[in-house]
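S.K.: This is the structure I want to talk about, given as structure tokens.
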Amino acid sequence: MKKRIKQFITTILSVLLVISFVLPHQTLAANFEKPILNYVALGDSLAAGYLNDKSRGRGYPEFIKERIESGSSYLVDLQNFGIGGYRTTHVLDDLINPQSPKYQQVREAIKQADIITYDAGANDVLGVIGDVTKFNPNDSELMKQIQAAMLTVGDNIDVTLKEI
């Protein structure tokens, strides 16, 4: 009887030992089976997650990340460089100006990126308009300034996309 109990205990311990080695590796293997998409978000408050009431919420990149992860077999590594108030010149500066504090980090992230979203330009135009509650579409001088700002936005976006 003692021999059977000893065999039973030895068998149980052996099974537990095998399980303790196999399960962690299976769990790790399951994590490595999911490919990772590197996602870089560049832009203004929409990317950063600022809401209409100026509070901080979740930016659209977080929703994109969640949607990809829930609808596919991918994990998403999100690097969100969105900053409230950013203009196209700021995004461009982060890409081409080595003196920018984020230059190195942004460029490295872009090199590794599988997905890049970019939104900026509204702040460029809103800076010309000023107080939107006093916007007068009949002000021909203001409309010329807005048009010039929009052309500059287009040029900045073009240079940014070429740099990316």
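The values are calculated or read from the model by the stated rules, or taken from the named source; none is laboratory data. What you see is a predicted model; the values in this text were computed from it and never measured. Please note: Cβ atoms are built from the backbone with ideal geometry, for glycine as well, and neighbour counts cover all protein chains shown. Heads up: the accessible areas ignore ligands, DNA and RNA and are worked out on the full protein's heavy atoms, side chains in. Shrake-Rupley method; radii C 1.70, N 1.55, O 1.52, S 1.80 Å.
S.K.: I need the phi-derived Karplus couplings for the range 150-160: 6.51 cos²θ - 1.76 cosθ + 1.60, θ = phi - 60°, integer Hz, Gly and Pro marked x.
M.R.: 5, 5, 5, 4, x, 4, 5, 5, 4, 5, 4
S.K.: Probe 1.4 Å, all protein chains in place: accessible area of E141 in Å², nearest 10?
M.R.: 100
S.K.: Continuing with this model, one more query. Can you list residues from other chains, or at least 5 along the same chain, whose modelled amide H is less than 5 Å from the amide H of D119?
M.R.: L42, G43, D44
S.K.: Pop out the ³J(HN,Hα) list for the range 75-90 in order, Karplus 6.51 cos²θ - 1.76 cosθ + 1.60 with θ = phi - 60°, rounded to Hz; leave Gly and Pro as x.
M.R.: 9, 10, 9, 9, 10, 9, 9, x, 9, x, x, 4, 10, 4, 5, 5
S.K.: How far apart, in nanometres, would the label points at N138 and Q105 be if each is projected 7 angstrom from Cα along the Cα-to-Cβ direction?
M.R.: Those two pseudo-labels are separated by 4.9 nm.
S.K.: For the range 47-88, with every protein chain kept in place, what is the accessible area per residue (1.4 Å probe, Å²)? The partial results should precede the final answer.
M.R.: Values: 2630 Å² over 42 residues.
Dividing the accessible area of the range 47-88 by its residue count gives 63 Å².
S.K.: Would you tell me the accessible area of S140, worked out with a 1.4 angstrom probe on the heavy atoms of the protein chains, in Å² to the nearest 10?
M.R.: Approximately 80 Å² of S140 is accessible to the 1.4 Å probe.
S.K.: Could you put F135, F63 in order of accessible surface area, largest first, with the 1.4 Å probe and the full protein assembly present?
M.R.: Details: F135 80, F63 105 Å².
Sorted by accessible area, descending: F63, F135.
S.K.: Could you pull out every residue, at least 5 positions away or on a different chain, whose amide H is within less than 5 Å of the one on L37? Hs are placed 1.01 Å off N in the peptide plane, and Pro or chain starts have none.
M.R.: The list, which skips near neighbours in sequence, is L75, V76, D77.
S.K.: I'd like the Kirkwood hydrodynamic radius of the range 103-150, using the inverse of the mean 1/r over distinct C-alpha pairs, in Å.
M.R.: Working: mean 1/r = 0.0754 Å⁻¹.
Computed over the range 103-150, the radius equals 13.3 Å.
S.K.: Got a number for the accessible area of S100? Probe 1.4 Å, square angstrom, nearest 10.
M.R.: Approximately 10 Å² for this residue.
S.K.: FRET efficiency for K54 and A148, Cβ-Cβ distance as r, R0 = 30 Å, nearest 0.05? Please report the intermediate quantities before stating the final value.
M.R.: Numbers: r = 28 Å, r/R0 = 0.94.
In this case the efficiency is close to 0.60.
S.K.: If R0 is 30 Å, what FRET efficiency do you get for S73 and N97 from their C-beta distance, rounded to 0.05?
M.R.: 0.20
S.K.: Per residue, how large is the accessible surface of the range 95-148? Use a 1.4 angstrom probe and give square angstrom.
M.R.: Each residue of the range 95-148 exposes 66 Å² on average to a 1.4 Å probe.
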